[in-house]
Amino acid sequence: MVFLFVSTVGAVPVPVDVFAYENTEGFGNLPYVLLNGGYSADCGNSVVFADFEDNGKLCIRNTETGEAKKISDKPASFINVVGNKVYFIAESGSGSEIVTLRIGFSEKTLLKSKTKLSNLFVSSEG
């Protein structure tokens with residue numbers, strides 16, 4: 001079971017470097033990373049990140065080989081990884097949406113909002 005917590009804030013995304021982080025013990029990302037926009041999250045031997053050279057689209061990079069590939073055409077922020085699923089907020093022309101995708105498979109919109117969403121926290125333990 002996965003729990004999503006989200007709020008609405010008028011924050012503006014700021015590009016950040018991509019970092020991999022240690023296991024977050026049942027949470028999709030570390031709180032201090034999410035408070036800075038959540039533009040990357042650890043995924044085992046890979047890191048999932050917003051590629052600012054490609055309009056913030058969601059990518060995954062193998063930290064051992066350096067190989068990177070795009071996994072979503074949507075611009076991503078507040079990225080969380082729980083198991084093999086990625087949860088993130090994507091801005092759309094008329095608001096935001098919460099999206100999930102199983103790595104290597106298709107994505108699914110969980111929620112559409114007419115307002116800007118931010119601070120998405122995902123927990124596998126409730």
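The values are calculated or read from the model by the stated rules, or taken from the named source; none is laboratory data. Model, not experiment: these values are computed from the prediction. Cβ coordinates were reconstructed from backbone atoms using ideal geometry, including for glycine residues, and neighbour counts include every protein chain displayed. Just the protein is used for accessible areas: all its heavy atoms, side chains included, with ligands, DNA and RNA removed. Shrake-Rupley method; radii C 1.70, N 1.55, O 1.52, S 1.80 Å.
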So in region 47-61, with the set limited to residues that are over 21 Å from SER106 (Cβ atoms) and of a type outside the set (Val, Ile, Thr), which one is most open to solvent (accessible area, probe 1.4 Å)? GLU53
Mind checking which pairs have a first residue in region 84-95 that is closer than 10 Å to LEU117 by Cβ and a second that is among the hydroxyl-bearing types (Ser, Thr, Tyr), Cβ under 6 Å, 6 or more apart or different chains? ILE89/SER77; ILE89/SER96; GLY95/SER113; GLY95/THR115
Checking the structure you have, find out if any residue of region 79-92 is surrounded by 15 or more Cβ atoms within 10 Å (Cβ to Cβ), outside any strand (DSSP E or B) and of a type outside the set (S, T, N, Q). no
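Quick one: which of SER96, SER77, SER113 is under 22 Å from ASN36 (Cβ atoms) and within 11 Å of the chain's Cα centre (by Cα)?
Values: SER96 fails: within 11 Å of the chain's Cα centre (by Cα); SER113 fails: within 11 Å of the chain's Cα centre (by Cα).
SER77 is the lone residue from the list that is under 22 Å from ASN36 (Cβ atoms) and within 11 Å of the chain's Cα centre (by Cα).
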Kindly check whether there is at least one residue in region 96-115 that is farther than 16 Å from LYS57 by Cβ, touching a Gly at 6+ places or on another chain (Cβ under 6 Å) and not in a strand (DSSP E or B). yes
Taking the stated definitions as given, is VAL47 at pLDDT 80 or above and within 13 Å of VAL86 (Cβ to Cβ)? yes
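Whether any residue in region 23-31 is open to solvent by less than 70 Å² (accessible area, probe 1.4 Å), modelled with pLDDT under 80 and in a strand (DSSP E or B) is what I want to check.
no
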